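*Asks:* To start, I am sharing the structure in question, which I have written as C-alpha cells.
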Amino acid sequence: QAQLVESGGALVQPGGSLRLSCAVSGSLFRFSTMAWYRQAPGKQRELVATVTSSGSTTYADSVKGRFTISRDNPKNTMYLQMNSLKPEDTAVYYCNSAGTIKYSWGQGTQVTVSS
C-alpha cells in the first residue's frame, strides 16, 4: 500500500513563503497526475494545484501566480512552493492523486498564515 507523507508546513506571516514536500512510496508515482489539496477549518477539502507525469500544471484561481507545483520523479517527491501567502491560505495541506482512484490520505501538513 503506497503511503503519502506531507511536510514543510509552519506558521508564517502574511507575505511570507513556504515550500511543502510530499514523499510518495510505491512505483506508480511517476505515472500519476498528482495534486495538492487543502482543507480550512469548517470548509470542504479543495483542489489547489495539479501536475502531470510530464510536468504540466494547473492551479486554482485563488493561488494562481503565487503557488508553484513541481515534482521530482526519480525521488518520488512532489513540491508546492507558496509565495505571497495570505491569511486565507491557512489550512491543512494534503497531497494525493488527481484522479478518481486515490491513495490513502496522509496526515497533511498545517500551514498557518498570521501576524
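The values are calculated or read from the model by the stated rules, or taken from the named source; none is laboratory data. Just so you know, these numbers come straight off a predicted model, no measurement behind them. Cβ coordinates were reconstructed from backbone atoms using ideal geometry, including for glycine residues, and neighbour counts include every protein chain displayed. The protein model used for the area step is the full one, side chains on, heavy atoms only, and it has no ligands, DNA or RNA in it. Shrake-Rupley method; radii C 1.70, N 1.55, O 1.52, S 1.80 Å.
*Asks:* Could you work out the percent of alpha carbon pairs in the chain separated by over 25 Å, rounded to a whole number?
*Replies:* Roughly 15 percent, rounded to a whole number.
*Asks:* What's the carbon and sulfur percent of region 8-55's accessible surface, probe 1.4 angstrom, rounded to a whole number?
*Replies:* 52
*Asks:* If the cut-off is a Cα-Cα distance under 20 Å, which aspartates and glutamates reach K64, setting aside same-chain residues fewer than 8 apart in sequence?
*Replies:* E46, E88, D89
*Asks:* Another question, then. Taking R0 as 25 Å, what's the FRET efficiency between N73 and T100 from their Cβ-Cβ distance, rounded to 0.05? All intermediate terms of the calculation are to be shown ahead of the outcome.
*Replies:* Working: r = 22 Å, r/R0 = 0.87.
Step by step, r from the Cβ atoms, then E = 0.70.
*Asks:* Moving on. Hey, what's the chain come to in accessible area per residue, 1.4 Å probe, Å²?
*Replies:* Computed with neighbouring chains in place, this is 54 Å² per residue.
*Asks:* Just tell me which lysines come within less than 24 Å, Cα to Cα, of K75; anything on the same chain fewer than 8 places away is out.
*Replies:* Filter leaves K102.
*Asks:* Then there is this: So how long is each side of region 13-66 along the principal axes, counting just the alpha-carbon atoms, biggest first, in Å?
*Replies:* The Cα atoms of region 13-66 stretch 37, 25, 19 Å along the principal axes, largest first.
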